[in-house]
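The values are calculated or read from the model by the stated rules, or taken from the named source; none is laboratory data. None of these values were measured; they are calculated from a predicted model. All Cβ positions, glycine included, derive from the backbone under ideal geometry; neighbour counts span all protein chains shown.
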Protein chains: 2
Amino acid sequence: MTFWTDSMLASIDKMLNPKSIAVVGATPRMQYGGRFLNAALKAQDRINVYAVNPRYEEIQGIKSYPSVSDLPEAPDLVGIVVPYDQVLDVLKESHQRGAKSAVVISAGFSERQVDDRRDLQGQLGAFALESGLRICGPNCLGLANVRDDIWASASSRGADGLTGPIGLICQSGASAFGPFLTRAVENGIGLSHIISTGNEADLDFCDFARYLLDDDGVKVIAGFVEGFKDARKLVEVAKLAADRCKPIVLIKIGRSELGTRAARSHTAALTGMDERYDAMFAQYGITRVRDYDELLEVSQLLAHSPKPVQRGVAVVSHSGGISSLTADMCGQAGLDLPPLTDQARDGVNGILKGFGWAANPADVTGFANSESFPEIMGHMAGQPNVGCLVVASAGADAQAEQVIAHRDEGLKHGKGVAFLWTGTRGATSGLPMLKEANIPIFYVPDKLALGLSALQNYHSWRDLRLSQGFAATQNMSQQQTQALAGLRPKVGISSSALSEHQSKQLINAWGVPTTREILAATSAEAVDAAQTIGYPVVLKVDSPDILHKTEAGVVRLGLQNAEQVAAAYDEIMSNARTHAPAGVLNGVLVQELVTGGTEVIVGLSYDDQLGPVLLFGTGGIMVEIYNDVALRLCPINLEEAREMIGQVRGAKLLQGFRGSPRGDVTALAGALVQVSQLAVNLEGQLSELDINPLIVLPEGQGVKAVDALALF
Amino acid sequence: MTFWTDSMLASIDKMLNPKSIAVVGATPRMQYGGRFLNAALKAQDRINVYAVNPRYEEIQGIKSYPSVSDLPEAPDLVGIVVPYDQVLDVLKESHQRGAKSAVVISAGFSERQVDDRRDLQGQLGAFALESGLRICGPNCLGLANVRDDIWASASSRGADGLTGPIGLICQSGASAFGPFLTRAVENGIGLSHIISTGNEADLDFCDFARYLLDDDGVKVIAGFVEGFKDARKLVEVAKLAADRCKPIVLIKIGRSELGTRAARSHTAALTGMDERYDAMFAQYGITRVRDYDELLEVSQLLAHSPKPVQRGVAVVSHSGGISSLTADMCGQAGLDLPPLTDQARDGVNGILKGFGWAANPADVTGFANSESFPEIMGHMAGQPNVGCLVVASAGADAQAEQVIAHRDEGLKHGKGVAFLWTGTRGATSGLPMLKEANIPIFYVPDKLALGLSALQNYHSWRDLRLSQGFAATQNMSQQQTQALAGLRPKVGISSSALSEHQSKQLINAWGVPTTREILAATSAEAVDAAQTIGYPVVLKVDSPDILHKTEAGVVRLGLQNAEQVAAAYDEIMSNARTHAPAGVLNGVLVQELVTGGTEVIVGLSYDDQLGPVLLFGTGGIMVEIYNDVALRLCPINLEEAREMIGQVRGAKLLQGFRGSPRGDVTALAGALVQVSQLAVNLEGQLSELDINPLIVLPEGQGVKAVDALALF
């Protein structure tokens, strides 16, 4: 699947590296149009900037053209700051004049939540696709190539020369050019680009992210997203990002229903169920954070840290209390602070001479501000089981110089440094030097710990995925195609459900073992079937129109002989006719009775934005009370299946909990992979699938679907 | 229980409000002794400051005395900065000279983790108690009365006149006078006191907190604690703090094993199991936070906010993205953002005139920086279901003035304001004015949401507790005393356990219903007992020496007649003798078979620092897999018992989950209260109690303990 064409990427390239910008709706006053022109003019020494507004001869010291058609050249980028009902005309005229791309600042489109404005936005998007003049916006604040200091934005803010390897993409312009930019500048975190995508009539978050992946100067993509237009594009971006080792760090609205409500009222993008997004982010190595400070701090850490050569973290501080607190937060974030090696402890003790505490975390008292500090850092970071050194302190420039030198040396051995700054954020010594040198800095211990955890998780995830590849969709086999063809016509009258037997034939064709069972149309057939299968047996009605069988009284368990089977057949058929007089009754399923093993649930659903989602959970009431499930986008591979199983707490029951036999986890993982393949193969046809219960038998004995329900 | 004497509080009073300070170990150089003298001398215009050091005639411009004995007056406070082995002598001499209190900066005591230094610290503590010359420290950085600008501290930092109603107490001096103080100054958060307690040889965190509760100028107590010397003092402080509406906000090390390890190596205070502390904090209204910034921000919010008149929160921002993110975080923190009333929506729309979005959260675009903003805030906050207004913006002084005026007016109606500052932290317009006016400020949305949630939770908790009182210990009844006397001698030989029957008699004496059962010493007695109880019955061995009955083969369930009972009796006794040849065998318990109902677990343990802890959890494997339990310190009242039950997810099973009958939650709550009383009554004797399972029968039918085990 490819979402991106060369011409689209070329259009984005013109947007971010224009040789000429025209600002339609430029004004002398510092409103949106005036600010856009003012921002663009700052690059006047390097690019051509044109003002377009028929009401003026000259604006901000340059000639104003009556219209785009009158421009002396075809502009690479047109900034559009006109009333909403003139935007489409300006776009058409710009296209005619040969413009390559447009940034639409104008608001008044789908965010108004009324049909005609939504339609108008749709027309912008359609025109962009059709004409090839691609659009950023509308209802955005524009974008900036920070690295080359070219600002095509209606914001009055600039970044004062601060550049770095983090590409920032936000839907909300007031956020991008508000707190995200100001905190980046304040915290010395360098950005390569700032892109606000607004309502995304045409280009969206994923398109710009895809473009930035090709930019060698971009090491991390940081984003703030209220809702994805098509989240599957994000999966493709994430796979490519993993390949190129460019982490994606995101704030995604939707943690709570309130945020979703707010998001709907703002960008008009649909926000999906949050748990599914969490699953997707984990599955594709996307780091989710909670706020702009965290987004920037974690992005800076990821951009400026080597892949940790070891998982161990060493912490050194001038304060015992701060070292305790830092260690506590690191522990809670799942980081490992290995005890000092004898050599390191003796080395540090040799310096401390009875003061402080040579341990991990180390409390080195005033020695953190002494000539001996480099030696202490050397002992702490030099241990073979340590990949990252945390310095928790607030020294002056002398300490900063020591830390920077230590970092530079450590990089040669793949070891990183992070600083927990415990002084004021406005400090004029030490801190500015650390920022300037791109030492990753945090200001409170829990954020530091979350950041380091994100760094380690990203690289672990990436190593595993690169070694195994991402799961790929397999084509349907002939047998599967035939099985499906045989089943579709049998879909029931009053519903789009398959019967249990049909549902099991379906999953069976994708390799999921099911109970041995025979469909019987008469009492005598049922008795014969029972004989074939072997007692005891289970009898259930087979009908696409009776979904809740137990409640309908159409299930009989543990039948021991022909007499019981014959009686049960009659009762079931009678109850079924009472329960669903007009329903399709295929007959009665005679089924083996499965004993032993552990009940689990496997399910599929289709999300509008994320596509097929696989669910795995423990069986019985535990899944309902504890919501003990794992989710993944489909397809998955075997390793992902094992991760899913590991994530479900109740799956401890499969590991020989309390003396029960170990379950066949290998077979379970295989079944999950097969169901995920079924999910992608049947996308667009299937709407839901429940295998409940799937019985996981003891090791070596496989799994068996006891009941299944497929809804088309 | 009273932990605090008038003379102790008077000694602390002298420490924090000294008319004279002597610094023993003062030096000209700015080391610890020099800094202490330097800090004290800043109050020289108001109090007498003396230097004591035989090596100098004069230090920092004042006369130096050879010893404390030579001082012209008995000092209120002696600051001690001498080598560890001289501290006790200085204390003794100070006491002789009539000194009232001492701050011991000197280190080298129990933090060294060696016996002789621990002993020496013990001697300091003992001397303080005996002499009445109370001690802060050792291994601390001293303390400060910020309000009156008197600093008895070896830190070089001051607070530059910034005072407020927050009393700060930290064990770690380098933390108190490090990040806590510098961030407070930077964020404009005013402190009344800064107290570092160090190793707490004598006075501890709770003693100083208790003292501050009597100070009318202190509204909030903020603390950083690595471990409590006696956590039960904290319970008493918390109760009194609730009475006086002075919230306690704490960072407590121990979130992870790593933090605990670090804490042990630092303050030598024992750190208990973290879940128990969480339970205690929730039970006694203590707000637990994660870092110094959060500690200060939440304390400031609590100190400067009225009790919310309504739970609803209204959010207004100039940015749609920020309003979404803020709403999302508020929702996740459990806050309610009620939809706008028609009146408010029409009012805001009347101003926005088609721009932005009149909702909750509201995106009011540039109107946040207009003359209309007060009117917008009025509409948002004026709604009857709103108790607090959040302004998420970053305006100039004009906006700050509007917000301050709105806050001042709102306070008359019990409505608060919190500001989410989205600009730089170093802003020179707007922000400083907001700080000066004590508007509570947060800098990222999730911290704001956590803060507001803490504010609401504190007042809800307090209202409930004040209306119901705290649970009180009841004295043992005569019947209970007798039951206990009858049981103690029967404690088994090889263990300190009671048998099942004895354990049940014990809990029965405290009002917990148990199974009907008769102890039979012969097969014939067992048959008679079964007749009396009624079939079916259960037979179990009764022995304090066989704790795992099922594994030992000494339980028979569902016996239907005399023959089965007689046979079961013989088998059980035979298995019991094989299993525990030397054990006490009281005979066989003949017990009613309890059917129906839901299994739960009730347990007791005793924590060295927290005393008796009550555990309630769901039964079976759920408690083990999901760790689905609630903990409380004992005793509890009925409302707390109901809260415990509500906290356990599996207790949904008691609420008629999936059509099963509702459980007798009233009886369960009563049993929890009774067990909590048993816990306090038997403290010092009992060591553990398990009631597993306790069966919760359908509504109106009570509860019944089916098995119990008491360990003394």
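Listed here are the residues, each with its yes/no results for (1) farther than 17 Å from A:Phe419 by Cβ; (2) among the hydroxyl-bearing types (Ser, Thr, Tyr); (3) in a strand (DSSP E or B).
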residue	(1), (2), (3)
A:Ile351	yes, no, no
A:Glu371	yes, no, no
A:Ile376	no, no, no
A:Pro384	yes, no, no
A:Ala392	no, no, yes
A:Gln399	no, no, no
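Need the failing condition index for A:Arg118 against (1) over 23 Å from the mean Cα position of the chain (by Cα); (2) not in a helix (DSSP H, G or I), just the number.
The single condition A:Arg118 does not satisfy is (2).
Can you say whether A:Ser503 is of a type outside the set (Phe, Trp, Tyr), touching a residue at least 24 places away in the same chain (Cβ under 8 Å) and surrounded by fewer than 19 Cβ atoms within 10 Å (Cβ to Cβ), as far as the supplied structure shows?
So A:Ser503 fails the test.
Mind checking whether some residue in region B:420-433 is within 14 Å of chain A (Cβ to nearest Cβ), at pLDDT 95 or above, within 36 Å of the chain's Cα centre (by Cα) and assigned to a helix (DSSP H, G or I)?
yes
Can you find, within region B:381-398, the residue that is nearest to the chain's Cα centre (by Cα) among those that are more than 14 Å from every other protein chain (Cβ to nearest Cβ) and surrounded by fewer than 24 Cβ atoms within 10 Å (Cβ to Cβ)?
B:Asn385
Residue under question is A:Ile404, and the condition is that it be more than 14 Å from chain B (Cβ to nearest Cβ), over 30 Å from A:Gly167 (Cα atoms) and out of contact with any Leu (no Cβ under 6 Å at 6 or more places or on another chain); does it hold?
no
Residues that are within 10 Å of chain B (Cβ to nearest Cβ) and at pLDDT 95 or above: list the helices (runs of 4 or more DSSP H) wholly contained in region A:230-318 that include at least 2 such residues.
Here the list reads A:292-304.
Could you grab me the full set of residues in region B:278-294 that are touching a Phe, Trp or Tyr at 6+ places or on another chain (Cβ under 7 Å) and not charged (D, E, K, R)?
B:Gly285, B:Thr287, B:Tyr292
Test B:Leu450 against the stated conditions and say whether it is in a helix (DSSP H, G or I) and either away from every other protein chain (no Cβ under 11 Å) or of a type outside the set (A, V, I, L, M, F, W, C) (or both).
No, not satisfied.
Quick check on A:Val49: is it over 30 Å from A:Arg117 (Cβ atoms), buried (at least 21 other Cβ atoms within 10 Å of the Cβ) and at pLDDT 95 or above?
Criteria met by A:Val49.
All but one of (1) part of a helix (DSSP H, G or I); (2) buried (at least 24 other Cβ atoms within 10 Å of the Cβ); (3) at pLDDT 95 or above hold for B:Ala128; state the number of the condition that does not hold.
(2)
Scan region B:365-376 residue by residue and report those that are crowded, with 21+ Cβ neighbours inside 10 Å and over 12 Å from B:Arg345 (Cα atoms).
Across region B:365-376, the qualifying residues are B:Phe367, B:Ala368, B:Phe373.
Can you tell me which residues in region B:620-630 are in contact with a strand residue (DSSP E or B) (Cβ under 7 Å, 6 or more places away or on another chain) and buried (at least 18 other Cβ atoms within 10 Å of the Cβ)?
If the condition is that a residue be in contact with a strand residue (DSSP E or B) (Cβ under 7 Å, 6 or more places away or on another chain) and buried (at least 18 other Cβ atoms within 10 Å of the Cβ), then B:Val623, B:Asp628, B:Val629, B:Ala630 are the ones that fit.
Do you know which residues across region B:678-712 are part of a loop (DSSP other than H, G, I, E, B) and either more than 17 Å from B:Tyr606 (Cα to Cα) or of a type in the set (Val, Ile, Thr) (or both)?
B:Leu697, B:Glu699, B:Gly700, B:Gln701, B:Gly702, B:Val706, B:Asp707
Can you spot a residue in region A:514-526 that is among the β-branched types (Val, Ile, Thr) and touching a helix residue (DSSP H, G or I) at 6+ places or on another chain (Cβ under 7 Å)?
Within region A:514-526, one or more residues are among the β-branched types (Val, Ile, Thr) and touching a helix residue (DSSP H, G or I) at 6+ places or on another chain (Cβ under 7 Å).
Looking at B:Pro661, B:Pro693, which is the one that is more than 14 Å from chain A (Cβ to nearest Cβ) and either touching an Asp or Glu at 6+ places or on another chain (Cβ under 6 Å) or under 20 Å from B:Thr515 (Cα atoms) (or both)?
B:Pro693
Pick from A:Ile621, A:Ile625: which is in contact with an Asp or Glu (Cβ under 9 Å, 6 or more places away or on another chain) and without any contact (Cβ under 8 Å) to a residue 12 or more places away in the chain?
A:Ile625
Test of understanding: among A:Glu599, A:Glu592, which residue is within 30 Å of A:Thr532 (Cβ to Cβ), within 14 Å of chain B (Cβ to nearest Cβ), buried (at least 17 other Cβ atoms within 10 Å of the Cβ) and charged (D, E, K, R)?
A:Glu599
So if I check each of A:Asp85, A:Asp89, A:Asp115, A:Asp70, which one is out of contact with any Lys or Arg (no Cβ under 6 Å at 6 or more places or on another chain) and more than 24 Å from A:Arg35 (Cβ to Cβ)?
A:Asp115 is the lone residue from the list that is out of contact with any Lys or Arg (no Cβ under 6 Å at 6 or more places or on another chain) and more than 24 Å from A:Arg35 (Cβ to Cβ).
Might you let me know whether region A:353-363 holds any residue that is within 13 Å of chain B (Cβ to nearest Cβ), out of contact with any His (no Cβ under 9 Å at 6 or more places or on another chain), among the charged types (D, E, K, R) and part of a loop (DSSP other than H, G, I, E, B)?
For region A:353-363, residues within 13 Å of chain B (Cβ to nearest Cβ), out of contact with any His (no Cβ under 9 Å at 6 or more places or on another chain), among the charged types (D, E, K, R) and part of a loop (DSSP other than H, G, I, E, B): present.
I need the full set of residues from region A:193-238 which are small (Gly, Ala, Ser) and under 21 Å from A:Leu466 (Cα atoms), in order please.
Matches in region A:193-238: A:Ala209, A:Ala238.
When residues of region A:173-223 are filtered for being more than 27 Å from A:Asp243 (Cβ to Cβ), among the acidic types (Asp, Glu) and more than 9 Å from every other protein chain (Cβ to nearest Cβ), how many remain?
Adding up the residues that qualify gives 0.
Check region A:57-75 and report whether any residue there is in a helix (DSSP H, G or I), surrounded by 19 or more Cβ atoms within 10 Å (Cβ to Cβ) and either touching a residue at least 12 places away in the same chain (Cβ under 8 Å) or not basic (Lys, Arg) (or both).
Yes, because at least one residue in region A:57-75 is in a helix (DSSP H, G or I), surrounded by 19 or more Cβ atoms within 10 Å (Cβ to Cβ) and either touching a residue at least 12 places away in the same chain (Cβ under 8 Å) or not basic (Lys, Arg) (or both).
Can you name every residue in region A:173-195 that is hydroxyl-bearing (Ser, Thr, Tyr) and in contact (Cβ under 8 Å) with a residue 60 or more places away in the chain?
A:Ser175
Check A:Val648 against each of (1) aliphatic (A, V, I, L, M); (2) out of contact with any helix residue (DSSP H, G or I) (no Cβ under 8 Å at 6 or more places or on another chain); (3) away from chain B (no Cβ under 14 Å) and name the one condition it does not meet.
A:Val648 satisfies all of (1) aliphatic (A, V, I, L, M); (2) out of contact with any helix residue (DSSP H, G or I) (no Cβ under 8 Å at 6 or more places or on another chain); (3) away from chain B (no Cβ under 14 Å) except (3).
When region A:1-27 is examined, which residues are found to be closer than 22 Å to A:Asp230 by Cα, of a type in the set (Ser, Thr, Tyr) and in a loop (DSSP other than H, G, I, E, B)?
A:Thr2, A:Thr5
For residues in region A:157-172 being under 15 Å from A:Leu143 (Cβ atoms) and touching a residue at least 40 places away in the same chain (Cβ under 8 Å), which is nearest to the other protein chains (Cβ to nearest Cβ)?
The residue in question is A:Ser172.
Out of region A:136-195, which residues are of a type outside the set (A, V, I, L, M) and in a helix (DSSP H, G or I)?
A:Gly173, A:Ser175, A:Phe177, A:Gly178, A:Pro179, A:Phe180, A:Thr182, A:Arg183, A:Glu186, listed by residue number.
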